[in-house]
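> Dumping the structure here so I can ask a few things about it.
The values are calculated or read from the model by the stated rules, or taken from the named source; none is laboratory data. Being a predicted model, the structure only gives us computed values, none of them experimental. As a convention, Cβ positions derive from the backbone with ideal geometry for all residues, glycine included, and neighbour counts pool all protein chains shown. With ligands, DNA and RNA removed, areas are computed over all heavy atoms of the protein, side chains included. Shrake-Rupley method; radii C 1.70, N 1.55, O 1.52, S 1.80 Å.
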Amino acid sequence: MGAIATPALAREPTDEEIERLLTASRAQSMLAAIQPQVEAMQREQFAQLTQGKTLTAEQQTEISQIQAKTAQIVRQSLAWDSMRPVYLDVYRKTFDDDDVKAMTKFYESKAGQHLLDRTPVMMQTLMVGIQQKMIPQLEALQAEVKTVSAEPIPAPPVSPPEERKKVATSSSTKKKATTSKKSTTTKKSTSTKKASTTKKAPAKKTTTTTKKKT
């Protein structure tokens, strides 16, 4: 019998192989496109926090400084020099050498480059389709929410203090009357029971013994 062939262990890709894949897949340019989106989200969050609030000039200046500092942190965190080691580590833990080579071959091909060229347009078209699908449902939901919020919820009835006092006094009087009635009934029942159980002792019969004269 021949020796059983053991499957070759997957080899970990080198940094050079991963770098080639990242270049072919335009990872750096895609990361750069994310930064403005993250900064826009940050600005929207600050706008929501200050919405409807009257801020002094000093407060506005302070918020502007915080926004600028936040944008700087985002740019530094998402810079390619900072994210490159993260990409290398994630790809190394996720894919083996054969995977990296196959993906690199695809992205370097005409089909792969065409996919990368058309992906932004495809995503925009997809988002439009999602919005067209969801907008009617969201509008119906908003109309339902407005209907619910337009109907005032009736508050529980609250009686005036004088009426509450009358109700409390009446309730207390009824309780006292019931207690008194129960006490009187109990006393009468006890007296009746004692009277019925107490009977006169029967009279003793007197017998006269006539002595015979001898």
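> With respect to M122, is the statement that it is modelled with pLDDT of 85 or more and either exposed (fewer than 12 other Cβ atoms within 10 Å of the Cβ) or under 34 Å from the mean Cα position of the chain (by Cα) (or both) true?
Numbers: modelled with pLDDT of 85 or more: yes; either exposed (fewer than 12 other Cβ atoms within 10 Å of the Cβ) or under 34 Å from the mean Cα position of the chain (by Cα) (or both): yes.
Taking the combined requirement at face value, the residue satisfies it.
> Hey, among the residues in segment 40-56 that are of a type in the set (S, T, Y) and free of Cβ contacts under 8 Å to residues at least 12 places away in the same chain, which one's most open to solvent (accessible area, probe 1.4 Å)? Steps first, answer last, please.
Initially, segment 40-56 is screened for residues of a type in the set (S, T, Y), giving 50, 54, 56.
After this cut, where a residue has to be free of Cβ contacts under 8 Å to residues at least 12 places away in the same chain as well, the list is 54, 56.
Details: T54: 136, T56: 74 Å².
Looking at the filtered set, the residue picked out is T54.
> Which pairs do you get when a residue that is more than 18 Å from Q35 (Cβ to Cβ), found in segment 57-72, comes within reach of a residue that is hydroxyl-bearing (S, T, Y), reach meaning Cβ atoms under 8 angstrom, with the pair 6+ apart or on two chains?
I63/T50
> Say whether the condition of being among the aliphatic types (A, V, I, L, M), open to solvent by 90 Å² or more (accessible area, probe 1.4 Å) and without any contact (Cβ under 8 Å) to a residue 60 or more places away in the chain is met by at least one residue in segment 74-97.
Within segment 74-97 (the criterion being among the aliphatic types (A, V, I, L, M), open to solvent by 90 Å² or more (accessible area, probe 1.4 Å) and without any contact (Cβ under 8 Å) to a residue 60 or more places away in the chain), the answer is no, since none of the residues qualifies.
> If a residue has to be under 16 Å from M30 (Cα atoms) and of a type in the set (F, W, Y) to count, how many in segment 40-87 make the cut?
2
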